[in-house]
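> Before I ask anything, here is the structure I am working with.
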């Protein structure tokens, strides 16, 4: 709050620097006996506005402390650069970001930190189809000719800045997304992209659709992706491989600050003839505006089930 | 004796039919006279206050709020934004993570008016009665909200 008298307002300068952060502790128990507790994430971010320019930086420590059945206490205090970019806001239709960014696709990848997502676990759908972070250029904004429709276009032609915790190592990534917004809690979208995986030496062409709806107390959203891959290292099997996956996530507000969560997810890789089928049932309790306590049970088909508990804060 | 009974009866009946005083409150959304904004729809206003829309006719828009306990703010959010406290918290946590901060908060309608008069592109909501003829020369009304309020506290 601008805490001054009206007569002194001319002394007030617009606040231009913001600092925040988030952290979470996660306990995991698998029905084969494996268990661990870890300080999963601890991050500090800040941004600075100067007219139409914004600078954003974030440092994060991942799995800073872990203790469990296979690990009697390990410390990892080396931070890494999660995001670092400069943004220029030209107008409603054109905004440009450059640097290390969260890949601007879908729903879940935009809210992947523990305090923002409904469940502690993540659907496989968003882990195996595109790099979650990119280092490149992104342009985005509203499309002038279509009401309430946004576009995003991005490309990367270099190695990632600090790629330690990225799910894919790439130096060549391009994609776009179109999103139709009916309201802030009702939208649908389509995206498409292509990237080269340096480690697996394969090129992947992926495409997805997603949707988010809130109907009174019920939040429901989901994403579905399919990928078409070409693997260089399979000389004897130089072919096209398909994989696809979906998840549907629901959260129902039972009473104030308490939500019942449910997710169904499926993944299939046709080249390995493998699939994963998971149902997640959980509870999400938000005692304060920036604090979340979650518990969930994950039922895996033909695998060990899992229990996850977490405590997450944002500041 | 009859007179006393009559007075007590009238008093008793008047208590039974006691009605609360209802004020008709008008809230106005205003901007500087120099601004390119002339009128806004409630949808546009909602997008501006949720920072989905940050430009209007090429002009950067700066929405400002009154404190969360202000009844004027509560009516404005109820009539225009349409999200409850929990939904707004979730929304702004997510936006803050992406480097977008919620609108600035000013202590009083007086402070909002002063800010709007000083900063081009800023918009805010205040009770209509705070607009004196002097202030009306420097600001323009771009949206109006009418509400019936009991025991209204003008903050």
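Computed from the coordinates by the stated procedures, all read-outs in this text should not be read as laboratory data. Since the structure is predicted, the reported quantities are computational estimates derived from the model, not experimental observations. Glycine also receives a Cβ, built like all others from the backbone with ideal geometry; neighbour counts cover every protein chain displayed.
> With a 10 Å radius around each residue's Cβ, average the other Cβ atoms per peptide and rank A:93-104, A:301-312, highest first. Mind showing how you got there, number by number?
Details: A:93-104: 19.3, A:301-312: 15.9.
With the highest mean Cβ count within 10 Å placed first, the list reads A:93-104, A:301-312.
> How large is the translational diffusion coefficient of the range A:159-202 in µm² per second when you combine the Kirkwood radius over alpha carbon pairs with Stokes-Einstein at 4 °C and 1.567 mPa s? Before the final figure, lay out the partial values.
Working: Rh = 12.7 Å.
The calculation lands on 102 µm²/s.
> Let me know the mean shielding of A:82-89 by other chains, meaning the per-residue number of their Cβ atoms within 10 Å of its Cβ. Walk me through the numbers on the way to the answer.
Values: counts 0, 3, 0, 1, 0, 1, 0, 3.
Averaged over the peptide's residues, the number is 1.
> Give me a single rounded figure for B:78-88: the average over its residues of other chain Cβ atoms within 10 Å of their Cβ. All intermediate terms of the calculation are to be shown ahead of the outcome.
Numbers: counts 0, 0, 0, 1, 2, 3, 2, 2, 6, 5, 1.
Rounded to a whole number, the mean comes out at 2.
> Same structure, new question: In nm, to one decimal, how far is the modelled label at residue A:260 from the one at residue B:24, with both set 7 Å along Cα→Cβ?
Rounded to a tenth, the inter-label distance reads 4.6 nm.
> Here is a follow-up. Taking every residue in B:110-118, how many Cβ atoms of other protein chains lie within 10 Å of its Cβ, on average? Please report the intermediate quantities before stating the final value.
On the way: counts 4, 10, 3, 2, 8, 6, 0, 2, 3.
The per-residue average across the peptide is 4.
> Further question: Indicate the gyration tensor shape class of the protein assembly as shown (rounded, prolate or oblate), computed on the Cα atoms with a ≥ b ≥ c the square roots of the eigenvalues: a/c under 1.5 is rounded; otherwise a/b larger than b/c is prolate and the rest oblate.
Values: a/c = 2.28, a/b = 1.65, b/c = 1.39.
Prolate.
> Among A:106, A:282, A:33, which one shows the highest mean-square fluctuation when chain A is modelled as a Gaussian network with alpha-carbon springs under 10 Å?
Among A:106, A:282, A:33, the largest GNM mean-square fluctuation belongs to A:33.
> Using a ≥ b ≥ c from the Cα gyration tensor of the range B:26-155 (square roots of the eigenvalues), is it rounded, prolate or oblate, where a/c under 1.5 gives rounded and otherwise the larger of a/b and b/c decides, a/b for prolate? If you can, show how the numbers build up before the last one.
Details: a/c = 1.69, a/b = 1.13, b/c = 1.49.
Verdict is oblate for the range B:26-155.
> List A:192, A:314 from most exposed to least, where exposure is judged by having the fewest other Cβ atoms within 10 Å.
Values: A:192 14, A:314 22.
With the sparsest Cβ surroundings first, the list reads A:192, A:314.
> Where in the range A:20-38 is the amide nitrogen less than 17 Å from a point lying 7 Å along the Cα-to-Cβ axis of residue A:297?
A:28-33
> Using only the Cα atoms of the range A:127-227, construct the convex hull and provide its projected area averaged over every direction, in square nanometres to one decimal.
Details: hull surface 29.6 nm².
Mean projected area of the Cα convex hull: 7.4 nm².
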